[in-house]
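The values are calculated or read from the model by the stated rules, or taken from the named source; none is laboratory data. Being a predicted model, the structure only gives us computed values, none of them experimental. Methodologically, a virtual Cβ is constructed for each residue, glycine included, from the backbone with ideal geometry; neighbour enumeration extends over all protein chains shown.
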Amino acid sequence: MASDSQLTLHQTMSQTLSKFLNAFLEVSAANDTTLFSTTLDPGCLRFLRPTSLLTKMGAPTDLAMDVTTYEKILEKEMHVFKTISGDFSDVSIDTTAKTGAATAVYVNRLVDGQEFKLEFSWHVAFAEDGAKITKVVQWCDAIGMLEFQAAIAAVANSGGSE
């Protein structure tokens, strides 16, 4: 049987992960990329996977982004798209290892009306109290992400923005 402290930790970690997963929706609604950081420890690093996607994007395969870098990248892109929905499943919390995982499907709409459904698998590490995330490993639908990035670039180059 789980102790009260384990149950409290599980609840805190679950709330932190839920807020993290919903950040794309919150950022889009408020047009504020700093909302990505509300659940992240200042030293949190984000790793994008699979490495084949990074190679195709011309990025180093050991790419690790800090909180500020990730916000700046998204800030450049979010003027041409909004995340309009998110569906989350397969959520798992491990209070002993201080980790969590989830599957997410986000629908993003570009200013020209195109919609892209992108699938992600998130793996996170939590701070000791579960209130902050200290590491993010973000697995992406590589084909969908490449198509989405190409569409973002095309819309941005045509002068489209919100």
- Is it the case that the stretch 136-159 has a residue that's aliphatic (A, V, I, L, M), in a strand (DSSP E or B) and in contact (Cβ under 8 Å) with a residue 12 or more places away in the chain? yes
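Here is a yes/no grid of residues against (1) aromatic (Phe, Trp, Tyr); (2) modelled with pLDDT of 95 or more; (3) farther than 27 Å from Ala131 by Cβ:
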| residue | (1), (2), (3) |
| --- | --- |
| Ser28 | no, no, no |
| Thr39 | no, yes, no |
| Leu45 | no, yes, no |
| Arg49 | no, yes, no |
| Met57 | no, no, yes |
| Ala64 | no, yes, no |
| Glu71 | no, no, no |
| Glu75 | no, no, no |
| His79 | no, no, yes |
- Message: Take Leu54 and tell me if it is in a helix (DSSP H, G or I), surrounded by 12 or more Cβ atoms within 10 Å (Cβ to Cβ) and either free of Cβ contacts under 8 Å to residues at least 60 places away in the same chain or of a type in the set (Asp, Glu) (or both).
- Response: yes
- Note on the structure: Ala97 vs (1) surrounded by fewer than 14 Cβ atoms within 10 Å (Cβ to Cβ); (2) at pLDDT below 95: all pass except (2)
- Out of (1) under 20 Å from Val124 (Cβ atoms); (2) in a helix (DSSP H, G or I); (3) out of contact with any Cys (no Cβ under 9 Å at 6 or more places or on another chain), the odd one out for Ser37 is which? (3)
- Go through (1) at pLDDT below 95; (2) under 21 Å from Ser121 (Cβ atoms) one by one and return the number of the condition Gln6 breaks. (2)
